[in-house]
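Take a look at the structure below.
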Amino acid sequence: MPPATKSSGKNLETETPLYAVLLADSFNERFRPITLEKPRCLLPLCNTPLIEYTLEFLAVAGVQEVVLFCREHADQIKAYLNASKWNRPHSPIKITTIITPEARSVGDVLRELDAKQLIDSDFILVCGDVVSNINLEQVLEAHRERKLVDKNAIMTMVVKEASPFHRTRAFSESSIFVLDGQTNECVHYEAVEIFPRKRRMVMDLEVFQKHTDVQIRNDLIDCQIDICSVEVPALFTENFDYQDIRNDFVYGILTSDLLGKTIYCHTVKDAYAARVRSLQTYDAISKDMLSRWTYPIVPDSNLQARDGYEFMRGQIYKEQDVVLARSCVLGERILIGTGTEIAGNSQITNTVIGRRVKIGPNVIIDGAYIWDDVTIKANCSVSRSILANGVVLEEKVIVNKGCLLSFNVVVGPNITLAPYTKLTTRLASPQYDGDEEGEREVVKVDAEDNQDEEIRKTEYDRQVIGALGIGYLWKDENLEEDDQDPRNLQVSSLAYDLSTLKMSGSESSASVISDDSEEESSDTEQQRQRKEEEDDDFSREVAQTLERAFAEGHTVENTVLELKALKMASNATFHDLRTVVIPCVLGQIDTQKFLFANQKEFASHVLTQWSPLISEVIHSSFDQLDALYILQEHCAARQESHARLLAPLLQQLYELEVVEEDAIIVWYNSDRAKGVGAGLATKQQEIVENIKKLRNMMTPFVKC
């Protein structure tokens with residue numbers, strides 16, 4: 001029998017269980033007041049808690065043991081994990097939960113990890129709000145091979161190559177990575193915030209002496225996924241000044257002459273990876289998931305056992321037991337949870353709707369996130385906002401963009417919320433003094449407790465929340481470090497708009513706004529003008545393409561290919577295409593011949609020939625409604641020549657199956673149609689009535 005031989009270090013590395021350290025806390029307050037009641041890692045992203053995506057990502061990577069650190073709402077996190085699939089006997093990973101109530105930063109967590117000596121090999125460090133489909137096996141293999149060559153290598157940071165304007169990039173913060181072009185060693189790192197503007201970067205000349213090929217990269221998104229050696233927690237213990245993993249640890253290692261440690265970057269191009277850093281990235285990642293950029297991490301993958309989503313045309317995801325009124329209009333990119341009911345004449349697009357949501361008639365929702373058990377009554381409007389569990393909107397409530405309504409808030413009736421309004425049922429304690437070591441103490445208002453009912457009624461601002469409202473106005477104060485520019489918090493909010501970054505008199509002091517404010521305002525105006533010029537260029541190119549197609553007799557198929565190429569190159573939407581395609585096609589019509597032609601002549605008419613082109617830019621009932629508005633506005637702008645054209649056009653488009661009767665009826669009854677073109681819509685009553693006669697008697701709701 002031959003003597004036993006020692007295994008190689010590589011084999012031992014392979015045999016060692018793969019560990020991950022999962023940070024359940026973000027150590028910032030960008031999601032407040034919602035995170036006063038629920039931790040960020042349990043907030044729903046497309047109706048699935050964020051931590052589910054992170055754990056699924058780690059399980060696919062082959063992680064066997066996860067050490068999860070949590071501080072706030074630890075009881076909720078433990079309860080969720082105990083009831084989840086990750087606590088079952090056949091779970092691929094074992095989760096050890098450690099509560100660190102004293103931790104105030106990532107540095108404190110890693111020092112706690114070093115003190116407990118729970119891990120004795122390389123591990124993956126990741127936050128509990130990461131969504132990714134990266135193949136980590138390749139990253140881990142590259143990290144191990146790198147360590148064989150460079151004994152001082154202690155960390156590999158995973159970064160994703162993307163344009164500076166990629167929507168999953170956090171607009172309030174960015175990173176500059178200076179890399180060795182040959183080895184991908186990170187030789188310098190610098191964090192960059194949008195305000196105040198950074199115009200220069202200081203680097204040690206020695207960097208260029210040691211590395212002949214240096215790349216300065218600002219096109220990399222920091223995925224906040226790190227492969228760390230066991231030395232990393234020990235270095236945090238040795239340096240108590242290390243708090244943040246990037247600004248303190250990485251920067252400190254790269255600028256230290258004594259430690260002699262090296263850090264590398266692993267760049268991915270084709271995979272998806274992003275972290276929900278803020279409300280802005282929450283919105284961006286949600287849209288990416290609905291658009292299937294995150295595949296296979298998509299809603300219809302049904303990560304949770306109770307999920308049952310089906311993928312439908314128009315990027316619509318729907319569970320069973322959803323009740324939709326016949327006359328409701330669904331646009332693109334919509335997710336609807338089970339038990340939800342949507343009443344008649346409601347229009348919804350680009351929206352995530354949770355479970356057991358009740359939406360009344362004549363409601364308009366665009367770009368919103370409606371969580372579980374929300375009630376929205378008749379004639380409400382919600383735009384690019386978040387409504388947390390249990391929120392109630394009474395009748396005729398308008399929620400403008402950027403609003404955040406926390407759990408069980410009630411608003412209305414007849415109330416309009418200003419943009420970026422935040423409401424909560426919890427009050428901040430006056431004992432909170434803003435100390436960076438302290439926490440804002442909150443008091444929960446129990447609606448069932450009648451003892452202080454009269455006091456609460458006097459405290460409510462009825463002008464803000466309405467006569468039946470429940471909730472308090474939340475103001476972001478002392479949420480970040482003292483040197484944090486408040487404008488960075490504004491651009492990281494939901495539905496951010498740089499043009500709104502105008503400070504009040506108290507905020508416009510020298511300590512808040514630098515001398516570059518006029519230049520920054522000029523930059524914002526330049527960005528707006530550049531966007532308008534790009535839109536004009538796109539419209540011009542589309543119109544020229546259509547003119548060539550009409551003149552040279554191109555086929556519809558070839559024309560569609562050209563238009564889609566223009567759309568992708570300009571990052572435009574199908575709405576942008578419709579606003580050009582429909583008027584251009586109508587421009588080819590001889591109005592006199594069209595109005596007085598008989599049905600036989602209709603068959604050879606230009607509209608019959610090019611109606612398939614219009615159909616190619618219409619993918620849903622919401623698109624049909626949008627096309628009808630564009631058609632009406634085009635005719636209204638040309639009263640003399642087109643006032644009599646709208647009715648025959650509607651009839652023709654309906655007969656050619658470009659638009660359906662439901663879309664025409666919703667259009668006819670809408671306030672927008674009645675207010676365009678001095679009553680053009682009212683002249684079409686005969687057509688609408690004829691279409692109504694074609695429909696059999698139907699129940700007001702169709703169970704889907």
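The values are calculated or read from the model by the stated rules, or taken from the named source; none is laboratory data. Bear in mind that the values here come from a model prediction, so they are computed numbers and not experimental data. Reconstructed Cβ throughout: ideal geometry from the backbone, glycine too, with neighbour counts over all protein chains shown.
Quick notes
- Scanning the range 50-80 for residues that are in contact with a strand residue (DSSP E or B) (Cβ under 8 Å, 6 or more places away or on another chain), charged (D, E, K, R) and in a helix (DSSP H, G or I) gives a single hit, Lys78.
- Considering residues of the range 382-416 that are of a type in the set (S, T, N, Q) and assigned to a strand (DSSP E or B) only, the residue nearest to Tyr369 (Cα to Cα): Ser383
- Taken as a whole, the condition of being closer than 24 Å to Lys94 by Cα, among the charged types (D, E, K, R) and surrounded by fewer than 21 Cβ atoms within 10 Å (Cβ to Cβ) applies to Glu65.
- Residue match in the range 236-246 (condition: in a helix (DSSP H, G or I), touching a residue at least 12 places away in the same chain (Cβ under 8 Å) and more than 31 Å from the chain's Cα centre (by Cα)): yes
- Identity of the residue in the range 87-101, of a type outside the set (S, T, N, Q) and in a loop (DSSP other than H, G, I, E, B), that ends up surrounded by the most Cβ atoms within 10 Å (Cβ to Cβ): Ile93
- Here Arg104, Arg111, Arg146 are screened, and the one residue that is surrounded by 20 or more Cβ atoms within 10 Å (Cβ to Cβ), basic (Lys, Arg), in the same structural domain as Glu29 (by TED's automatic domain parsing) and over 19 Å from Leu42 (Cα atoms) is Arg111.
- The listed residue being aliphatic (A, V, I, L, M) and touching a residue at least 60 places away in the same chain (Cβ under 8 Å), out of Ala274, Ala368: Ala274
- Residue tally, condition small (Gly, Ala, Ser) and either at pLDDT 95 or above or farther than 24 Å from Asp283 by Cβ (or both), over the range 326-353: 4
- For the range 264-330, the strands (runs of 3 or more DSSP E) that sit wholly inside it and include 3 or more residues that are under 19 Å from Tyr53 (Cα atoms) are 273-275.
- Some residue of the range 31-41 being modelled with pLDDT of 90 or more, within 18 Å of the chain's Cα centre (by Cα) and polar (S, T, N, Q): no
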